Amino acid sequence: MAEVKRVERPLSPHLQIYRPQMTSVSSILTRITGNALIVGVILAVWWLLAAATSPAYFNVANAVATSWFGDLVFTGSLWAVWYHYLAGLRHLLWDTGRGMDIETAEKLGWACVIGSVVLTLITIILV
Amino acid sequence: MRYLTARKRAEGKGASHTGTDHHWYMTASSVALAFLVPTFIYVFGRALGQPLEGVIATFSRPFPAILTALVVIVGMRHFAKGAQMMIEDYTQGSLRKGLVILAYSISYTVIAVALYALAKLTLIGFLFEAMAH
């Protein structure tokens with residue numbers, strides 16, 4: 001095993017030539033939403049820190065948090081958190097060995113996309 | 001004849017060298033967050049847009065304060081390990097190490113800032129309460 005022969009192997013089909021599928025797109029969206037949520041968290045924690053610091057500082061942070069920019073970040077984060085939430089539940093289901101066949105996995109993908117939009121709208125209306 | 005047990009021969013052979021610890025942490029913290037996050041969205045959504053007095057009144061109460069602390073601590077550890085997974089998928093070498101350290105640093109900083117803010121808001125709320133009487 002000392003000599004490792006390098007063999008010319010064919011490359012597996014790459015992302016760029018793969019037709020986007022519900023399973024792959026819903027999976028990468030889980031990663032994007034999860035990581036992007038840090039933006040909303042930082043804005044929220046900064047707003048909290050400002051509230052604990054002084055009225056003047058709170059006015060600055062609150063103006064940002066309730067501006068069009070703040071609305072954009074928090075509304076986006078709201079959808080992202082609901083999407084990531086449903087996708088996480090999907091992973092918990094998969095961990096039990098259920099729902100792994102393609103047909104069910106695709107349905108679950110649509111459930112995440114549609115469900116997250118519905119939950120976002122419900123949250124905006126109720127809260 | 002080898003005097004090693006099958007387990008000893010297998011340990012440390014996986015790509016992570018830590019077995020399934022990472023996966024199990026993500027699973028366990030995701031279940032915790034599944035309970036915490038919807039409640040937090042309600043509390044935070046109600047507090048956002050209120051004047052300072054309302055924000056202090058909200059976060060100086062035990063339930064919103066403890067809930068927020070839990071969401072930030074569990075959420076930021078879940079984030080750090082998730083970000084680490086992404087970084088390890090796409091980068092190598094020193095860049096990978098640097099980015100993982102950065103993700104961990106951001107996560108711990110956010111936790112520390114949030115806990116400081118919550119502690120101070122609780123104290124301010126307590127002082128308001130004391131002055132009112």
Given 4 °C, 1.567 mPa s and a Kirkwood radius over Cα pairs, the Stokes-Einstein diffusion coefficient of chain B in µm²/s is 73
Does anyone have the angle between helix B:62-90 and the longest principal axis of chain B? Alpha-carbon axes, 0 to 90°, nearest 10?
-> 30
For chain B, what is the calculated [θ] at 222 nm in deg cm²/dmol (nearest 500), taking -39500 (n - 2.57) for each run of four or more DSSP H residues and dividing by its residue count?
-> -28500 deg cm²/dmol
Would you mind ranking B:Met76, B:Met85, B:Met131 by Cβ crowding within 10 Å, fewest neighbours first?
-> B:Met131, B:Met85, B:Met76
GNM flexibility winner over chain A from A:Val25, A:Val113, A:Val81 (Cα, springs under 10 Å) = A:Val25
When only Cα pairs under 8 Å and 6 or more residues apart are kept, what is the percent relative contact order across the range B:25-132?
-> 35
Just need log10 I(q)/I(0) for the protein assembly as shown at q = 0.07 Å⁻¹, Debye formula, equal scatterers on the alpha-carbon atoms, no solvent, rounded to two decimals.
-> -0.33
Which lysines have a Cα lying under 24 Å from the Cα of B:Lys97, excluding residues fewer than 8 positions away in the same chain?
-> B:Lys13, B:Lys81
Report, in order of residue number, the helices in chain A meeting two criteria: a C-alpha extent of 18 Å or more along the helix axis, and a mean Kyte-Doolittle hydropathy of at least -0.5; treat each whole DSSP H run as one helix.
-> A:22-53, A:68-95, A:102-126
Distance from the range A:21-99 to the range B:84-131 (C-alpha centre basis), Å | 15
Surface/4 of the Cα convex hull for the range A:31-126, nm² | 7.4
Residue-wise HN-Hα coupling along the range B:108-121, computed from phi with Karplus coefficients 6.51, -1.76, 1.60 (Hz; x: Gly, Pro) = 5, 5, 4, 4, 4, 5, 5, 5, 4, 4, 5, 4, 6, 4
Chain A, relative contact order in percent, only Cα pairs under 8 angstrom and at least six apart counted | 30
Which aspartates and glutamates does B:Lys120 reach when only Cα atoms under 16 Å apart count, and residues fewer than 8 places away in its own chain are ignored?
-> B:Glu53, B:Glu129
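Every read-out reported here was derived from the displayed coordinates using simple, explicitly stated rules and does not represent laboratory data. As the structure is a prediction and not an experimental result, all values here were calculated from the model. Cβ coordinates were reconstructed from backbone atoms using ideal geometry, including for glycine residues, and neighbour counts include every protein chain displayed.
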